[in-house]
Number of protein chains: 2
Amino acid sequence: MYFPQLTPLFKALLDSVSGQPVAVIGHARPDGDCIGSQIALARVLQSLGHKTICVNGDPVPRRIQYLVAPETPFFLPDEMPGTTEPQSGSSDNSTLTSIFVDCADHDRGGAKVRNRFPSPAGCIDHHLSNADFAAHNIVDPAAAATCEMLAGMFLDLGLPIDEITARALYAGINTDTGQFRFGSTTPRTFKLAAELVARGASPAEAGYEIYERESWGKLKLLDAFLRSLTRECDNRACIGILPDGIFDLTGTTPEDTEGLVDYARCIDGVEIGVLIEERPGAIKASLRAKNPAMRVDRIAAIFGGGGHACAAGLNMKKAPSLAEFRAQLVTAIAAQLDAVKN
Amino acid sequence: MYFPQLTPLFKALLDSVSGQPVAVIGHARPDGDCIGSQIALARVLQSLGHKTICVNGDPVPRRIQYLVAPETPFFLPDEMPGTTEPQSGSSDNSTLTSIFVDCADHDRGGAKVRNRFPSPAGCIDHHLSNADFAAHNIVDPAAAATCEMLAGMFLDLGLPIDEITARALYAGINTDTGQFRFGSTTPRTFKLAAELVARGASPAEAGYEIYERESWGKLKLLDAFLRSLTRECDNRACIGILPDGIFDLTGTTPEDTEGLVDYARCIDGVEIGVLIEERPGAIKASLRAKNPAMRVDRIAAIFGGGGHACAAGLNMKKAPSLAEFRAQLVTAIAAQLDAVKN
């Protein structure tokens, strides 16, 4: 058994929705683990005779779209096909029930999704902060990815993992572990990856689709970001800036900033990497730490933001000037570096 | 058995060097798979009672140095501790014999290494072009890394994999698969990774040491490389150039070019990425393809180089001008793109 404690809970969730159509819900601004989990769960539910749809508050990102098969269409909340409103406690086969995946709380799907699905039948997630908001909560913060949980529980129950499912689960594990790099990666992660590749997941396909289809503009954006890098706090922090207008200049969109902040963090000696995005009258920033002890979520909170210990962000609608914000941020980082003795 | 055909050959190699001190030889400009293989083989030989040294024509790269333990010191050919000259066919216990790892031919260690070790007892390698130059040749072009072969054969024979060995093998597999991304990555690769992590390899350690300790100069070098990128052949090839003097300018060394060529390859639509390094009177180039059908080793061969179907290189000591070489290379790439119908 890969998940001896969770698999019986998952079985109970499956039993509780038996025969019903299921909306498999992911979070807003979905990532590979979210989309992969939705596709995989929808496919397995289909094999059990369920009708399924996948619903997200935001579209599937470009680099993950290769996973979406005709069998597992995705809908925005406004575009969902007409269905009976869910009725809590009903066992009517025509009732559309919901299972949330990779969502730490009921709001992660966005307000429209929450309103449409007020009583989730289940939640399958690996976030430490999970709020146990569904009837059946299957949560393992030690899992590297929600897709790792699903892969293990499917195998534990002997549920069929076809090629569509295997590719989706593999992509989720790959992306949520930073390509098998984060501390959450365990022997179980690799064993499950082996099982998925044996069932049709292709490391080369995932590598190509997710990491080898950069746009020309993205490289120009990276170039601009690299040139902007400066170090602060005795070279323990590194800050890069994307000035207002850079997206037009490079033919990119805010989605293309993904991964850039890692270049600020990856420098030897740097403990906190920062990307600052200047927007008309507003400022967005991403903070990344190498060590969770650094608690960059606390730095972000000073500016109204939040997030994880190693990865946080902020979004100031009424922002000071770029120079002023940058100075305030450096002060806050310096204080945090000082507070966290290594 | 992970390697049912090769493991008996490996056993025969081990038997043939029984009791002798062994120099474990890697190639010039060593990479993670080379150094990892040397450390791992040296450790296992030590467990069998052998004295070992590791020898390379060039130093261990900075980002791989974390693998080098006091138990497995590395030597340049000129710095080797005094030993008896090897005598072909001798079974004298004081004779220093040699096993080459990750070397496609006898010259890959450099002239000094070749002269010092003219009669290798064994060669363990995964290069397609391996020349079977040793007494015992253990070669599997289907393996993702020489470290994958060693890990599998060690397990097949029940040889001890301690933490030093596990970390070294893991690093080799991680780097030679491009973080489990290349087409050579199979269920076996992942199963062996699981075994190594269970024995003390740390994905987070490898991720930090190999990918999160970039030098400030390396980012400046990347910046220069990105700015130099141009596309050719209807945007199916992308070429970047590091001009003579760029290492001094950015405070880097040729070692820091590692990984740069991937930025040329990773662009959507680009099938072949190239890095050209201009040196005084000489030219070096690395070629990378997304698809092995592209056989970039054949393009490299036109200029006296070689390598893998997806990753090849060349090194012209008497080179034409940069502009002339670039034009010749574009012609060769265009011909290859034309020859390989997709």
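Inside the range B:231-265, residues that are surrounded by fewer than 19 Cβ atoms within 10 Å (Cβ to Cβ), at pLDDT 95 or above, within 13 Å of another protein chain (Cβ to nearest Cβ) and not in a loop (DSSP other than H, G, I, E, B) make up a count of 1.
Scanning the range A:231-266 for residues that are under 21 Å from residue B:221 (Cβ atoms), out of contact with any helix residue (DSSP H, G or I) (no Cβ under 6 Å at 6 or more places or on another chain) and touching a residue at least 24 places away in the same chain (Cβ under 8 Å) gives A:231, A:235, A:239, A:261, A:262, A:263, A:264, A:265. Taking the range B:105-176 as the region of interest, the helices (runs of 4 or more DSSP H) fully inside it that hold 2 or more residues being touching a Leu at 6+ places or on another chain (Cβ under 8 Å) are B:146-157, B:163-176. Looking only at the range B:196-207, residues that are more than 7 Å from every other protein chain (Cβ to nearest Cβ) and free of Cβ contacts under 8 Å to residues at least 60 places away in the same chain come to 6 in all.
So which residues in the range B:162-195 are more than 8 Å from chain A (Cβ to nearest Cβ), surrounded by fewer than 24 Cβ atoms within 10 Å (Cβ to Cβ) and either without any contact (Cβ under 8 Å) to a residue 40 or more places away in the chain or under 28 Å from residue B:293 (Cα atoms) (or both)? The answer is B:163, B:166, B:184. Among the residues examined, residue B:283 does not qualify as hydrophobic (A, V, I, L, M, F, W, C) and either touching a Cys at 6+ places or on another chain (Cβ under 9 Å) or in the same structural domain as residue B:141 (by TED's automatic domain parsing) (or both).
In the range B:209-230, what residues are part of a helix (DSSP H, G or I), more than 7 Å from every other protein chain (Cβ to nearest Cβ) and out of contact with any helix residue (DSSP H, G or I) (no Cβ under 7 Å at 6 or more places or on another chain)? Explain how you work it out, then say what you get.
First, the residues of the range B:209-230 that are part of a helix (DSSP H, G or I): B:209-211, B:216-228.
The next check asks that each one be more than 7 Å from every other protein chain (Cβ to nearest Cβ); those that pass are B:209-210, B:217-218, B:220-221, B:224-225, B:228.
Across the range B:209-230, the qualifying residue is only B:228.
With respect to residue A:37, determine if the residue is of a type in the set (S, T, N, Q), at pLDDT 95 or above and more than 22 Å from residue A:255 (Cα to Cα). Please lay out each step first, then the result.
On the way: of a type in the set (S, T, N, Q): yes; at pLDDT 95 or above: yes; more than 22 Å from residue A:255 (Cα to Cα): no.
No; evaluated as a whole, the condition is false for this residue.
Checked against the criterion of being under 26 Å from residue B:214 (Cα atoms) and modelled with pLDDT of 95 or more, the range A:303-313 has no qualifying residue.
Considering every residue within the range B:149-157, establish whether at least one is within 14 Å of chain A (Cβ to nearest Cβ) and more than 22 Å from residue B:21 (Cα to Cα).
Step one: of the range B:149-157, the residues within 14 Å of chain A (Cβ to nearest Cβ) are B:151-152, B:155.
Next cut, more than 22 Å from residue B:21 (Cα to Cα) only: B:152, B:155.
Yes, the range B:149-157 contains a residue that is within 14 Å of chain A (Cβ to nearest Cβ) and more than 22 Å from residue B:21 (Cα to Cα).
When each of A:162, A:132 is tested for being charged (D, E, K, R) and closer than 22 Å to residue A:35 by Cβ, the lone residue that passes is A:162. Looking at the range A:17-62 only, could you name the residues that are farther than 20 Å from residue A:149 by Cβ and in a helix (DSSP H, G or I)? Passing the criteria: only A:62. Going by the structure shown, is residue B:230 among the hydroxyl-bearing types (Ser, Thr, Tyr) and over 24 Å from residue B:65 (Cβ atoms)? So residue B:230 fits the description; yes. Looking at the structure I just gave you, is residue B:285 within 19 Å of residue B:108 (Cα to Cα) and within 21 Å of the chain's Cα centre (by Cα)? Taking the combined requirement at face value, the residue satisfies it.
More than 26 Å from residue B:177 (Cα to Cα), more than 10 Å from chain B (Cβ to nearest Cβ) and surrounded by fewer than 18 Cβ atoms within 10 Å (Cβ to Cβ): does that describe residue A:132? Walk me through how you get there before you give the answer.
On the way: more than 26 Å from residue B:177 (Cα to Cα): yes; more than 10 Å from chain B (Cβ to nearest Cβ): yes; surrounded by fewer than 18 Cβ atoms within 10 Å (Cβ to Cβ): yes.
Spelling it out, residue A:132 is indeed more than 26 Å from residue B:177 (Cα to Cα), more than 10 Å from chain B (Cβ to nearest Cβ) and surrounded by fewer than 18 Cβ atoms within 10 Å (Cβ to Cβ).
Whether a residue is more than 20 Å from residue B:265 (Cα to Cα) and either within 26 Å of the chain's Cα centre (by Cα) or assigned to a strand (DSSP E or B) (or both) was assessed, and residue B:293 does not pass this test.
In the set A:141, A:120, A:203, A:160, which member is more than 30 Å from residue B:198 (Cα to Cα) and not acidic (Asp, Glu)?
Values: A:141 fails: more than 30 Å from residue B:198 (Cα to Cα); A:203 fails: more than 30 Å from residue B:198 (Cα to Cα); A:160 fails: more than 30 Å from residue B:198 (Cα to Cα).
Selected residue: A:120, the only one of A:141, A:120, A:203, A:160 that is more than 30 Å from residue B:198 (Cα to Cα) and not acidic (Asp, Glu).
Could you look through the range B:117-131, keep only residues that are free of Cβ contacts under 8 Å to residues at least 40 places away in the same chain and more than 17 Å from the chain's Cα centre (by Cα), and pick out the one that is farthest from residue B:17 (Cα to Cα)? By that ranking, first place goes to B:118. The set of residues in the range B:63-75 being within 19 Å of residue B:148 (Cα to Cα) and either among the small types (Gly, Ala, Ser) or surrounded by fewer than 19 Cβ atoms within 10 Å (Cβ to Cβ) (or both) consists of B:68 alone.
The values are calculated or read from the model by the stated rules, or taken from the named source; none is laboratory data. In this text, all values refer to a predicted model and were calculated from it rather than measured experimentally. Cβ coordinates were reconstructed from backbone atoms using ideal geometry, including for glycine residues, and neighbour counts include every protein chain displayed.
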